[in-house]
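Here's the structure we're looking at; comments come further down.
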Amino acid sequence: MEKSAKLGSASGGKDYHPMWKDLGLNLEAHDQLLNVLGQAYKDIYMSQENRPKGMQYFDFVISEAHGLRIEELMETKRKGNKVVGTFCVYVPEELILAVGGTCVGLCAGAEIGINEAEKVLPRNTCALIKSFMGFKLAGLCPYIQASDLVVGETTCDGKKKAYEILNDYKETYVMEIPQMKTERDRVLWRGEIVQFKEKIEQLTGRKITVENLRQGIKIANDKRRALQRLSGLRKATPPPISGLDALLVNQIAFYDDPLRFTKSVNDLCDEVEDRVKNGIGITKNGTPRMLVSGSPMAVPNWKVPYVIETSGAIVVAEESCVGERSTRDLVKEDGKTIDEMIDAITDRYMKIDCACFTPNVERTDHILELAKEFKADGVVHYSIQFCTPYTVEAHKVEKALQQKGILMLKIETDYGMEDMGQLKTRIEAFLEMIRK
Ligand code: BJ8
């Protein structure tokens, strides 16, 4: 991708309407979405000061998220490769990459399309689920339109029941995720991965071999390594990059070309590393450092970090699937047979500590570790409204943090902007408590 487009414009100058029409998007509503997104991006991202220059690449990717990136996906499809759309970090990307496929995270972070979603889903469904359903039903997500297959998972009840409805509009293959982490659950999950491998082979007409799977594992691991490197640099005092920018990089990881993305993150890290060496920060020393923990924040869900960072604090880490939870663990790369590689993939994914699991003590332990490593002054626990797993688990998290003397603020919100003022008041009051 050339870095020449107008930053923050959601179309980059070229007219993609013919492509969007071919994909079956609702052109009028989609134009409105891009206008809203372009404006929000300018207000939230381009207003930040002192950003690393390396963020220009990610600004550009965002500006072309529905344009050039979709063109690239259509091009790879013309060459006979497949595009697989997903909603969860449990879907093993390695198997898709092995056969030259592309794995993309589907649109699920905006309120638009909600009226359509509420025609088929109860109103009190979490915003992420309503969002993906709304994007599909309102004809707004070019990624789902470009996907040859959508892969869902039996994580929370809302998602697994919504996939039954989504399947009426787009073929949705569902992976069964266990609810516990005993040996029996591992056996179930390994079986699911083997079955998914067969599904991908059938979809692409290509065999997964030791060589191509090794390559798939390496590509996915390299991406995670680059994101781990960026995360590690945020431990510095003062923090060298804003939480908003780091979140953006993690969000883009779900749909950019993985090789180009990894290189761009490493380039950004080189620059950020220099900042750390020279003591250059994005904020002054003494700015309260926040760990945000909980439900994932899909593009363009920037509300909570935006409010935190415009209220005098900085986000230093995200304990979330768009953050540490999806980048922390690597797949072992020393497997010599397909069976060993499948074992390594099984083990890596079994470590994901989604609140859909019970018990889920690993997550609480990780939050405590992160709070310590990143020298967090407080934790903002974020649950998407009506997300039972994270909202209920917040109680255990708060108790564990209290025992360590770390303050936590519980936030439950949707994708709407109506509660921005109220959130700001609560976050400012929380920061006041921390400063005392
Ligand atoms: S591994 S966090 S990406 S399921 S917010 S839809 S849990 S009601 S998104 Fe998730 Fe996979 Fe878990 Fe991660 Fe349900 Fe909660 Fe909505 Fe959620």
Just going by the charge dipole of segment 59-167, with Lys and Arg at +1 and Asp and Glu at -1 on Cβ, which of Gly109, Pro142, Cys126 is farthest out on the positive end? Cys126
To make sure I understand the rule: partners must be lysines, Cα under 16 Å from the Cα of Lys284, and not fewer than 8 residues away in the same chain. Which ones qualify? Lys235, Lys375
About the Cα centre, and with charges only on the beta carbon of Lys, Arg (+1) and Asp, Glu (-1), how big is the dipole of the chain? Nearest 20 debye, please. 640
For segment 8-105, what percent of Cα pairs sit more than 23 Å apart? 40
Under the 0.36 nm per residue contour assumption, what length would be gained going from the current alpha-carbon distance of Lys218 and Met420 to full extension? 68.6 nm
Quick one: what are the phi-derived ³J(HN,Hα) couplings along segment 148-164, Karplus 6.51/-1.76/1.60 with θ = phi - 60°, whole Hz, x for glycine and proline? 7, 7, 10, 10, x, 8, 8, 8, 8, 4, x, 5, 5, 6, 5, 5, 4
Place a point 7 Å from Cα of Glu333 in the direction of its Cβ. Which residues in segment 202-231 have their backbone N less than 13 Å from it? 214-226
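Stretched out fully, how many nm does the piece from Leu27 to Glu201 gain, at 0.36 nm a residue minus the Cα gap? It would help to have the intermediate numbers written out before the result.
Numbers: separation 174, 0.36 × 174 = 62.64 nm, distance 3.43 nm.
So the chain would gain 59.2 nm between Leu27 and Glu201.
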Could you please report the charge total around Asp419, scoring K, R as +1 and D, E as -1 over all other residues with beta-carbon less than 11 angstrom from its beta-carbon? 0
Compute the length gained on full extension between Asp270 and Lys160: take 0.36 nm times their separation in residues and subtract their Cα-Cα distance, giving the result in nm to one decimal. 35.5 nm
Where the eigenvalues come from the Cα gyration tensor of the chain, what are the semi-axes √(5λ) of the equivalent ellipsoid, largest first, in whole Å? 31, 26, 23
My understanding is that a pair violates if its Cα-Cα distance is over 32 Å; which of Lys136/Lys399; Lys351/Lys372; Lys42/Lys160 do that in this structure? Lys136/Lys399; Lys42/Lys160
What net charge is computed for the residues neighbouring Ile252, neighbours being all others with C-beta under 12 Å from the C-beta of Ile252, Lys and Arg scored +1, Asp and Glu -1? -2
What pairs in Lys130/Lys181; Lys159/Lys181; Lys21/Lys53 have C-alpha atoms more than 31 Å from each other? Lys21/Lys53
How much FRET efficiency would the formula 1/(1 + (r/R0)^6) give for Arg186 and Asp257, where r is the Cβ-Cβ distance and R0 is 41 Å, rounded to 0.05? 0.80
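When a footprinting reagent is the concern and you count Cβ atoms within 10 Å, what order do Ile165, Ile411 take, fewest first? Walk me through the numbers on the way to the answer.
Numbers: Ile165 15, Ile411 22.
Ranked by crowding around the Cβ, least crowded first: Ile165, Ile411.
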As I understand it, the dipole of the chain uses +1 on the Cβ of Lys and Arg and -1 on the Cβ of Asp and Glu, about the Cα centre. Which of Val331, Ala162, Ile282 lies farthest toward its positive end? Ile282
Report Rg/Rh for segment 54-189, rounded to two decimals, where Rg is the Cα radius of gyration and Rh the Kirkwood radius. 1.00
Across segment 92-101, in residue order, what do the Karplus-derived ³J(HN,Hα) couplings come to in whole Hz, using 6.51 cos²θ - 1.76 cosθ + 1.60 with θ = phi - 60° and x for Gly and Pro? x, 4, 3, 5, 6, 5, 4, 9, x, x
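Within 10 Å of each candidate Cβ there may be at most 14 other Cβ atoms; applying that plus a DSSP loop requirement, which trypsin sites (Lys or Arg not before Pro) in segment 368-424 survive?
Details: sites: Lys372, Lys375, Lys396, Lys399, Lys404, Lys410, Lys424; in loops: Lys375, Lys404.
Taking segment 368-424 and a limit of 14 other Cβ atoms within 10 Å, the loop trypsin sites (Lys or Arg not before Pro) found are Lys375, Lys404.
Where a number appears in this text, it was derived from the coordinates with a stated rule and is not lab data. For clarity, every value in this text was computed on a predicted model and none was experimentally measured. Methodologically, a virtual Cβ is constructed for each residue, glycine included, from the backbone with ideal geometry; neighbour enumeration extends over all protein chains shown.
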